[in-house]
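The values are calculated or read from the model by the stated rules, or taken from the named source; none is laboratory data. Remember, predicted model here, so these are calculated numbers, not experimental data. All Cβ positions, even for glycine, are placed from backbone atoms using ideal geometry, and neighbour counts span all protein chains on display. Surface areas here come from the heavy atoms of the whole protein model, side chains and all, with no ligands, DNA or RNA. Shrake-Rupley method; radii C 1.70, N 1.55, O 1.52, S 1.80 Å.
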2 protein chains.
Amino acid sequence: MRLRFHKSLDDLKEKLLIVAGMAEQAIQRAVEAYRTRDLSICDLVDRSEMAINRLEREIDQMALDLLAMEQPMAIDLRFILAVIKINADVERVGDSAVNIIERVRDLQAYPAVDLPIDIPRMANLAAGMVRKSLQSFIEADAAMANSVLSMDDDVDKLNETTYYALLNVMKEQPQLTPQALDALVIARSLERVADHATNIAEDVIFWVQGSDVRHHMSVVDGSRR
Amino acid sequence: MRLRFHKSLDDLKEKLLIVAGMAEQAIQRAVEAYRTRDLSICDLVDRSEMAINRLEREIDQMALDLLAMEQPMAIDLRFILAVIKINADVERVGDSAVNIIERVRDLQAYPAVDLPIDIPRMANLAAGMVRKSLQSFIEADAAMANSVLSMDDDVDKLNETTYYALLNVMKEQPQLTPQALDALVIARSLERVADHATNIAEDVIFWVQGSDVRHHMSVVDGSRR
């Protein structure tokens, strides 16, 4: 009975890792579509977002069934609740990928331009945070989850630099405003991905340590609200 | 014993409604700060965001305790899970209010201008969605929750109109770009509030109907992804 229960918990974790990998890939693909202006990649992202949504529902249902039928105690209960919360954030990472390809499609109406910003770098940072937050979940490693919190500050700083760089482009070359505005929305979508990774890391810490770090000072740099 | 349990569920609901009211008020105040350029309102929003975060943690802990100690079945289990999910979205509505006042503070550096957009109207729509989604939760009314889903399409349309109106401002009056860009970020924050209200409404439907409407076609207008 307990053996079967622990097998179910492993299945749940396995499925969550699959959907998280798909969400991370969707972000990488969306930014690849931005870089190459390749609309066929946008269609791929649309399809994977649908698959992510389907998996999100399956995971929620599995978690609910486990809670209802097994009535788990203490650490297992916290684990299942962590899965439910992480699952919601993973699904919204997929939504952010779709927000990005909407702007990529919009950009097709305008000539390609070189903007003084680095979207692929931001995407790598944000996707790296998603990957690391999930890795901290697999390894039940609160210290690793904590390092994700400090990476979020880097993304926020990069996002602010990007904002002012694009503001300057729009002021000085107003004819590039449509492209700059799309890039700005993409940058903010990536910041949002980083926020979801941060939420995931906080849920991992909550699960592992049994203490709630959300909205507390980070032990890493003291700068979080 | 069951009586005490149901009293605890009522307390949980009560607390969630309080924090939701605070989050809705934070949005209204943030937009009032935008309208009046009154920085003292921004400080109020900062303070209520901190209070919202504190309450979010308390609600999560109460829900976890109820799950651990009472091992509720079926409908009560779904209710508690709905509270946990709604709680997370309510807290992020508070974050959106803070995103708005960050732009209000940035705007102090520039002269006030009249832009061809209607931020207060968008805010009323988005805050109305939050209110209605919570009301559908109080009344366990899936039809009311469904009406929130169709309101989200109105906000998305308004957000798109706002985007192109501001794009035009930036192209034709580049000197107004800083103000237009701040307004654009505020509009997108309000769209995000509407998304959170939509998530809440979906959780209410999941709880009430025991079926999962997320990512399904809406029965209202068929336009949701």
**Message:** Going by what's in this entry, would B:Ile86 be described as of a type outside the set (Gly, Ala, Ser) and more than 10 Å from chain A (Cβ to nearest Cβ)?
**Reply:** yes
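Between A:Leu17, A:Leu44, A:Leu39, which is more than 22 Å from A:Arg105 (Cβ to Cβ) and either open to solvent by 40 Å² or more (accessible area, probe 1.4 Å) or touching a residue at least 12 places away in the same chain (Cβ under 8 Å) (or both)? Steps first, please.
Details: A:Leu44 fails: more than 22 Å from A:Arg105 (Cβ to Cβ); A:Leu39 fails: more than 22 Å from A:Arg105 (Cβ to Cβ).
Step by step, each of A:Leu17, A:Leu44, A:Leu39 is checked, and only A:Leu17 is more than 22 Å from A:Arg105 (Cβ to Cβ) and either open to solvent by 40 Å² or more (accessible area, probe 1.4 Å) or touching a residue at least 12 places away in the same chain (Cβ under 8 Å) (or both).
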**Prompt:** Here are some conditions: (1) away from chain A (no Cβ under 12 Å); (2) open to solvent by 40 Å² or more (accessible area, probe 1.4 Å); (3) under 24 Å from B:Ala180 (Cα atoms). B:Ala109 meets all but one. Which one does it not meet?
**Reply:** (1)
**Request:** Kindly list the number of the only condition in (1) free of Cβ contacts under 8 Å to residues at least 60 places away in the same chain; (2) within 14 Å of chain A (Cβ to nearest Cβ) that fails for B:Asp154.
**Result:** (2)
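Taking the range A:151-163 as the search range and keeping residues that are β-branched (Val, Ile, Thr) and surrounded by 20 or more Cβ atoms within 10 Å (Cβ to Cβ), which one is nearest to A:Val130 (Cα to Cα)?
To start, the set of residues in the range A:151-163 that are β-branched (Val, Ile, Thr) comprises A:155, A:161-162.
Restricting the remaining residues to those that are surrounded by 20 or more Cβ atoms within 10 Å (Cβ to Cβ) gives A:155, A:162.
Values: A:Val155: 12, A:Thr162: 21 Å.
Within the range A:151-163, the match that is nearest to A:Val130 (Cα to Cα) is A:Val155.
Rundown of residues vs (1) of a type in the set (Gly, Ala, Ser); (2) in contact with a helix residue (DSSP H, G or I) (Cβ under 8 Å, 6 or more places away or on another chain); (3) closer than 26 Å to A:Leu77 by Cβ, yes/no style:
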| site | (1), (2), (3) |
| --- | --- |
| A:Tyr110 | no, yes, no |
| A:Asn124 | no, no, no |
| A:Lys132 | no, yes, yes |
| A:Asp141 | no, yes, yes |
| A:Asp153 | no, no, no |
| A:Ile205 | no, yes, yes |
**Message:** Can you find a residue that is within 12 Å of chain B (Cβ to nearest Cβ), among the polar types (S, T, N, Q), without any contact (Cβ under 8 Å) to a residue 12 or more places away in the chain and open to solvent by 60 Å² or more (accessible area, probe 1.4 Å) anywhere in the range A:47-62?
**Reply:** yes
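Within the range B:180-212, track down each residue that is farther than 25 Å from B:Ala23 by Cα, open to solvent by 10 Å² or more (accessible area, probe 1.4 Å) and within 11 Å of chain A (Cβ to nearest Cβ).
First, the residues of the range B:180-212 that are farther than 25 Å from B:Ala23 by Cα: B:180, B:209-212.
So of that shortlist, the ones also open to solvent by 10 Å² or more (accessible area, probe 1.4 Å) come out as B:209-212.
Correct list: B:Gly210, B:Ser211, B:Asp212.
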**Request:** All but one of (1) more than 9 Å from chain A (Cβ to nearest Cβ); (2) over 19 Å from B:Ile200 (Cβ atoms); (3) buried (at least 24 other Cβ atoms within 10 Å of the Cβ); (4) of a type in the set (S, T, N, Q) hold for B:Thr177, so report the exception by its number.
**Result:** (1)
**Prompt:** Picking from A:Leu166, A:Leu115, which residue would you name as being surrounded by 15 or more Cβ atoms within 10 Å (Cβ to Cβ) and assigned to a loop (DSSP other than H, G, I, E, B)?
**Reply:** A:Leu115
**Asked** If the Cβ limit is 6 Å and pairs must be 6+ apart or interchain, which residue in the range B:64-82 that is surrounded by fewer than 17 Cβ atoms within 10 Å (Cβ to Cβ) pairs with which residue that is part of a helix (DSSP H, G or I)?
**Response** B:Ala68/A:Leu77
**Message:** Any residue that is open to solvent by less than 40 Å² (accessible area, probe 1.4 Å) and within 14 Å of another protein chain (Cβ to nearest Cβ) - is there at least one of those in the range B:131-147?
**Reply:** no
